[in-house]
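Take a look at the structure set out below.
The values are calculated or read from the model by the stated rules, or taken from the named source; none is laboratory data. The shown structure was predicted, so the numbers you read here are calculated from the model rather than taken from an experiment. Neighbour counts are summed over all protein chains in view; Cβ atoms, including those assigned to glycine, are modelled from backbone coordinates with ideal geometry.
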Amino acid sequence: MTTQQSRIKGYRLFPSHNKEEHITTRTVGKIFANAYKKANIKKDAAVHSLRHSFATHLLESGVDLRYIQELLGHKSSKTTEIYTHVSNKDLSKIKSPLDNLLNKGDTKA
């Protein structure tokens, strides 16, 4: 199923006053800038930061990179792979298959 197919007919994430349209990119930017200012956030951020955070959280939750690629509408998996460098939350939990072999082979040969 593509992102296009998964859209709910008549539902808009960012509806406008006109039910047939969505709000503009510029309006989303203004809303974000106002909320950002009110929150007194010191770190630089833009609307695209939300997209980046969404993808990173999906990846950290174990969602396959190919699904994230589809959700973000990336044609190339290389574009989606940029999120893999920022997600190292569980890196220390990864065990090498060789470690498993060594643990099983604790008996002396």
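Looking only at region 4-35, filter to residues that are modelled with pLDDT under 65 and over 21 Å from the mean Cα position of the chain (by Cα); which one of those is surrounded by the fewest Cβ atoms within 10 Å (Cβ to Cβ)? Spell out the reasoning first.
As a first pass, look at region 4-35 and keep what is modelled with pLDDT under 65: 4-13.
Subsequent filtering for residues that are over 21 Å from the mean Cα position of the chain (by Cα) retains 9-11.
Numbers: LYS9: 4, GLY10: 8, TYR11: 7.
Selected residue: LYS9.
Do we have any residue at all in region 36-51 that's modelled with pLDDT of 90 or more and surrounded by 13 or more Cβ atoms within 10 Å (Cβ to Cβ)?
Looking for residues that are modelled with pLDDT of 90 or more and surrounded by 13 or more Cβ atoms within 10 Å (Cβ to Cβ), one finds at least one in region 36-51, hence yes.
Considering only region 39-85, state which residues are without any contact (Cβ under 8 Å) to a residue 24 or more places away in the chain and hydroxyl-bearing (Ser, Thr, Tyr). Before you say what the answer is, go through the steps one by one.
Applying the first criterion (without any contact (Cβ under 8 Å) to a residue 24 or more places away in the chain) to region 39-85 yields 39-51, 53-54, 57-58, 61-69, 72, 74-79, 81-82, 85.
Listed by number, the residues that qualify are SER49, SER53, SER61, TYR67, SER76, SER77, THR79.
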